[in-house]
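Just so it is clear, none of the values below were taken in a lab; they were calculated from the coordinates. The shown structure was predicted, so the numbers you read here are calculated from the model rather than taken from an experiment. No Cβ is skipped: glycine too gets one built from the backbone with ideal geometry, and neighbour counts run over all protein chains shown.
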Amino acid sequence: MGELAWLGRLNVGGLAGVLILAPVLTGLVVFLVRTKWSRKGIVTGTGWILSLGALALFGFGAVRRDTVSFMPPQIPGISWDAVVTGLDLLLIVGFVAIGFLLRRPIVAALAVLQAGLVLWVELSHSVRLEHPPLYVDWLAIIMVMIVSVIGSIVAVYGLPYMKEHEKHLGIPDTASKRPRFFLTILIFLGAMNGLVLSDNLLWLFFFWEVTTLCSFLLIRHDETADAEANAFRALWINMAGGVLFAGGLVVLSHAVGAVSIQRIVESRASVVTNPIALVGLGLLCVAGFTKAAQMPFHSWLLGAMVAPTPVSALLHSSTMVKAGVYLIARLAPAFHDTAMSDMIAVAGGFTFAAAALLAIGQTNAKKVLAYSTISNLGLIIACAGLNSPLSMAAAVMLIIFHAISKALLFMAAGVVEHGIWSRDIEDMQGLVSRMPLTTLTMVIGILSMLLPPFGVLIAKLAAIEASVRMPAALLLLVVGSTLTVMFWTKWTGRLLTADPSVVFPRIEHLHSMYFVPLLMLTIGALGFSLMVVPLLTQLIVPAVAQYYRSVQSDVTTLVQFDNVLGVPWALVFGVLALAVLWPLLYFRGPRTQRTGVYLCGEQVETAATTTFRTAAETAVPVTIRGHYFERAVGETVHARWMMTVSIAALVLMLGAAFLQR
Amino acid sequence: MNPIALGALTLVIAPILGGLLMGLDRRITARLQNRLGPPILQPFYDVGKLMGKQPVACNSFQGVAASLYLMTSVLALLMFVLGQDLLVLLFVLALGAVMLILGGFSVKSPYSQLGSQREVLQMLAYEPLLVLMVVGVYLQTGSFSANSVLALDRPLLLTMPIFLVTQTLVIGIKLHKSPFDVSASHHAHQELVRGIYTEFSGLQLALIELAHFYELVLLLGFVWFLWHTNWLVGAALALAAYFSTILMDNVTARMTWRWLVSFMWTWGIGLAVANLAAIYFMLRVPR
């Protein structure tokens, strides 16, 4: 550690500046210098800068071993608070302009409402801004690593993807919209870094609204009628969330007299006995629900799938939706042990189970992935609502593992889409014979979402254990987990349904900027799962301990998780790897005879695909379809009651603020 | 006992016990149907015969599926015997179940596809009940570890009577007994053939059969848990549960998957939740 001590002396303000501003600046260069090579170099280079910056921040945290509140670099004559406020107002003016340009008055109205509320907070004298606006602890470092590393991987993957995308749409290179696309993506990454490093809620709000704007621009990227409509929906739902955020800020600033998250968490004792302050926190949490696409706000994320796949990969894994759960998890210690917290757990648990149910009925791969994201974010929010060190450890683990697996799955789905030009799971039947390599990464991605020995499952175990004290949440978690297994297994089944006539599938050629990101995330999904015990004890437990320290000093409840920590995961991995490898070696070659399927003796042996003889010796090829149970789990079947229940859960959650423990 | 010795002993004894129980099942079923039935050792003869066959496969994934199914069954039983985490154990078991399903899906065959589709639904039907039973254990011991049950000084059945019933239903589904044999059946059904197992043969099928031996012992072990204080009573409960599924198999007809899922998600989960609620109230589980 001695030679790394310099990391602890890093100027963390400058480092934060790089993490936030570097992508914005390089994005502008990409936008202005419109050549293919500069774009490739700069986007990849920005990925390296962000990743190294995140690594440096990690080193800083590892050496300091403590949380740090800090100021951005001091520049004489510049007040950063004023700059952020100014930019915030500029952003809101931008929203008003968008509202007028799109002829959507609601956007302008929401923007004006936000401006009013933010100015109210700024101008009220109860708020003292002497607290440094930025803050870094393990949770923030973990988030920065996710945003910077996974976000960059997705951005690099976007380079070849957007090229093929425009080629497919017939857009000439001269009219390419890629410069704007990558500018938005890079600003998005910078804003996310800013969001997770902000301690001042006004700053956080600014970055929050930047991500709303970026996601709007990215969803709208193709400018089709469909894209416009869905981008508008994402915009107004998230802006409505922004209004709730700003409203919560007004309430909090008056009830607590602070807009610093740390100050609010530190004054938990007075917060939990003050219903008004709790309502303020509750409004912020509802804002988190909108951004995390929880029911009843989930429709925007489903609509967002019209965007090019790199956008989906970004929105679903490391940015946007993760901002929502991050905010709730970040605030959770402030409302620890309240009825409101319990209701958040129930509301999150409900979305977890309900979205998993709806995923069963979908044939569109991206829609299944979207429902799965909604569902998993519900689980993370349920963990935050359960609000114990163990559940929070589960939440942080889920944030990490879900980001890796979901980015991998979306990127694989994008490669498949450019291979077969379809997003339909039915069209992916037998993909293993056509694109074996991509299918392999996809299957690993899917299995890593639901089975041992992968990280998501281990987090789920912790979540179930933490929920035992709350029967309602427990039941929702158990039901949701079972439904989750169902839709993933069905999908994997389609991918693997191979025609026996294809004995040795030809391995497809992948662009290196497809292959390397897929490989990195596959290794990530496997490697982090393998190292789950050190990850948990060295990183996640300290993170949880740090941000619960004002609530309870000991994290002994985590020790109960020893049952899982005691399982020798490396051994389990080894045994399972052996079980996978020996049959591949044994059932190979001349020893194993290849055969067609059983068709009651009516098989046409000479046919190229599986075919049988029916009446009058007609040869009929076998067709296989998946089951989607539309009548039982179709979206429209359940839409109404699910909306009602989820709205009721949110109303009850806010109402629960008035219940005293 | 030394854990390694215990593990090794389990590896040897469990398949013998499981095979014998299955042989007994075939004998009893035959007698109930007015047939003589095969020798008790028939399941072992079957496995031996299958192992001697020339390997035939439709694709290379089938072998992986069968091998993982066996491996997870063994692993789960070992975890059970060695007092490990029951929740982890259930998910290890689920890994095997999913792999078997994928093995069935991996072949473009109408029968195995149908079987796999329905096996997914069977899993949907029994999985929550297994997890809820383990949660019932946790509520009383404060831990998911199997060892914590042994440390308890009273039989679990006194507080979890309904789980004897649900566990019997789960065994019925897992063993594909009527009326729950929707994905594969022991009786001849034209539209199913052998359902999910149709396209497995030779050594692969032998591995699956072997896995069934281990799994049966594990499932009965869960019933035995309900009266761990006296192992004879526990064993009697396990046998009673097993023989009631055999009886059920012979006196009922196969039902549809729709019925299966709705029955288990209403009656099954409903009763299990009622039992859990009673435990919450009785024990005043601390928040």
Task: Estimated distance in nm for a label pair at A:Ala639 and B:Met51, the labels positioned 7 Å out from Cα along Cα-to-Cβ - done: 5.9 nm
Task: Phi-based couplings in Hz for segment A:336-345 (Karplus 6.51, -1.76, 1.60; Gly and Pro marked x) - done: 4, 6, 10, 5, 4, 4, 4, 5, 4, 4
Open item on the list: So for chain A, averaging the separation of alpha carbon pairs under 8 Å that are six or more residues apart and normalising by length, what relative contact order in percent results?
Closed with: 14 percent
Task: Degrees, to the nearest 10: A:455-467 long Cα axis against longest axis of chain A - done: 60 degrees
- [ ] Mean Kyte-Doolittle of at least -1.0 plus a Cα span of 27 Å or more along the axis: flag which DSSP H helices in chain B meet both, please.
- [x] B:3-32, B:61-81, B:86-105, B:110-141, B:202-224, B:231-251
TODO: Mind giving me the nanometre distance, one decimal, between the label points for B:Met1 and A:Thr537, set 7 Å out from Cα along Cα→Cβ?
DONE: 3.0 nm
Task: For the protein assembly as shown, size of Cβ-based charge dipole, Lys and Arg +1, Asp and Glu -1, in debye - done: 640 debye
Open item on the list: What do you get for the angle between helix A:275-291 and the principal long axis of chain A? Use alpha-carbon atoms, 0 to 90 degrees, nearest ten.
Closed with: 30 degrees
Open item on the list: With angles folded into 0 to 90 degrees, how steeply does helix A:512-530 sit against the dominant principal axis of chain A? Use alpha carbons for both and round to 10.
Closed with: 80 degrees
TODO: Under 11 Å from the Cβ of A:Ala140, count the other residues' Cβ atoms, weight Lys and Arg +1, Asp and Glu -1, and hand me the total.
DONE: -1
Task: Volume in Å³ per residue [convex hull over Cα atoms, computed for segment A:138-231] - done: 91 Å³
Task: Scattering profile of chain B at q = 0.07, 0.09, 0.12, 0.15 Å⁻¹ [log10 I(q)/I(0), Debye over alpha-carbon scatterers] - done: -0.25, -0.42, -0.76, -1.22
Open item on the list: Only counting other Cβ atoms within 10 Å, I'd like A:Val243, A:Val68, A:Val478 sorted with the fewest neighbours first.
Closed with: A:Val68, A:Val243, A:Val478
- [ ] Provide A:Leu327, A:Leu281 in ascending order of the number of other Cβ atoms located within 10 Å of each residue's Cβ, fewest first.
- [x] A:Leu327, A:Leu281
TODO: Averaging sequence separations of C-alpha pairs under 8 Å and six or more residues apart, then dividing by the length of segment A:1-146, give the relative contact order as a whole percent.
DONE: 30 percent
TODO: As a check on your grasp of the helix formula, calculate [θ] at 222 nm for chain A: sum -39500 (n - 2.57) over DSSP H runs of n ≥ 4, divide by the residue count, round to the nearest 500.
DONE: -22500 deg cm²/dmol
Task: Residue exposure sequence - A:Trp488, A:Trp421 - by fewest surrounding Cβ within 10 Å - done: A:Trp421, A:Trp488
TODO: Evaluate the charge dipole of chain B about its Cα centre and quote only its size in Debye, nearest 20, assuming +1 on the Cβ of each Lys and Arg and -1 on the Cβ of each Asp and Glu.
DONE: 340 debye
Task: Computed Kirkwood radius, in angstrom, where 1/r is averaged over Cα pairs of segment A:440-536 - done: 15.8 Å
Open item on the list: Per q in 0.07, 0.08 Å⁻¹, report the Debye log10 I(q)/I(0) for the protein assembly as shown, using one uniform scatterer on each alpha carbon and no solvent.
Closed with: -0.59, -0.76
Task: Length released on extending from A:Phe573 to A:Val93, taking residue separation times 0.36 nm less the Cα-Cα span - done: 167.4 nm
Task: A:His254 paired with A:Thr623, simple spin-label distance in nm, labels 7 Å along Cα-to-beta-carbon - done: 6.4 nm
Task: Sequence-separation-based contact order of chain B, relative, with Cα cut under 8 Å and 6+ spacing, percent - done: 26 percent
Open item on the list: Suppose we keep just the DSSP beta bridges with both residues in the protein assembly as shown; what percent of those would be antiparallel, to 5?
Closed with: 80 percent
